[in-house]
1. Please report how many Lys pairs in the chain have alpha carbons closer than 23 angstrom, counting only residues at least 8 apart along the chain or sitting on separate chains.
2. Pick out, in residue order, every one of the chymotrypsin sites (Phe, Trp or Tyr not before Pro) in region 25-90 that is DSSP loop and has at most 15 other C-beta atoms within 10 Å; say none if there are none.
3. If you line up the long axis of helix 2-15 against the longest principal axis of the chain, both from Cα atoms, how many degrees apart are they, to the nearest 10?
4. Based on the inverse mean of 1/r over its pairs of different Cα atoms, what is the Kirkwood hydrodynamic radius of the chain, in Å?
5. List residues of region 1-40, by number, whose backbone nitrogen lies under 13 Å from a label position 7 Å along Cα→C-beta of Ser111.
6. What translational diffusion coefficient, to the nearest whole µm²/s, does region 107-156 have by Stokes-Einstein, given a Kirkwood radius computed over alpha-carbon pairs, a temperature of 25 °C and 0.890 mPa s viscosity?
7. Would you work out if region 25-99 is rounded, prolate or oblate? Take a ≥ b ≥ c from the square roots of the eigenvalues of the alpha-carbon gyration tensor; rounded if a/c is under 1.5, else prolate when a/b is larger than b/c, oblate otherwise.
8. Under unit Cβ charges (Lys, Arg +1; Asp, Glu -1), what dipole magnitude, rounded to 20 debye, does the chain have relative to its Cα centre?
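Here, each number is a calculation from the coordinates, and none is a lab measurement. The shown structure was predicted, so the numbers you read here are calculated from the model rather than taken from an experiment. Here the Cβ positions follow ideal geometry from the backbone for every residue, glycine too, while neighbour counts run over all protein chains shown.
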Amino acid sequence: MLPLGVMIIAGIFLMLKKDIDWIQPPSQRSAHASAEAPETSLAQLYAVAASIPELNAAWTEFDRIDIQSDRGIAKFIAPNRWEAQIDLVTLDVLSVEYRRSDLIEQIHDGSFFADWVKTFVFLPAGVILLVLWGSGIWLFFEPHLKRAQRKRRRAKG
């Protein structure tokens, strides 16, 4: 019961991550976004991101870099779960906020606790939930199928 409850609650939070800024910072939009590639180099973006104290990361230590060309930004996500959004053209820092969605995702899949918990507790709980879901669908439709079979028998006989 406990792993399923954790998975469900964390899953609900993950479904709302784009709607609640506390879970995941909203993606900013550069005022300079255009269809043309910016003159900015990746090394310049790294230098700006590495200079942000909250990220506390050197250029080799970032967990993820997400370049969103349609928005004109680059997101740098550090191991300490801080996220910086940098304008691709001006190199202005548009946002520096704590990102909780990755932590919630680790809780949801069980890897937050330990890899063995993910594999031997959360995975079986998910499989059991799938079996319960399937049997629930069967139990829902079975009376309707039986009723239809009886009607067909009566119509023949």
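1. 4
2. Details: sites: Tyr46, Trp59, Phe62, Phe76, Trp82; in loops: Trp59, Phe62.
Taking region 25-90 and a limit of 15 other Cβ atoms within 10 Å, the loop chymotrypsin sites (Phe, Trp or Tyr not before Pro) found are Trp59.
3. Its long axis makes an angle of about 60 degrees.
4. 19.2 Å
5. Answer for region 1-40: none.
6. Once the numbers are plugged in, D ends up at 182 µm²/s.
7. prolate
8. Charge dipole, the chain, about its Cα centre: 2240 debye, nearest 20.
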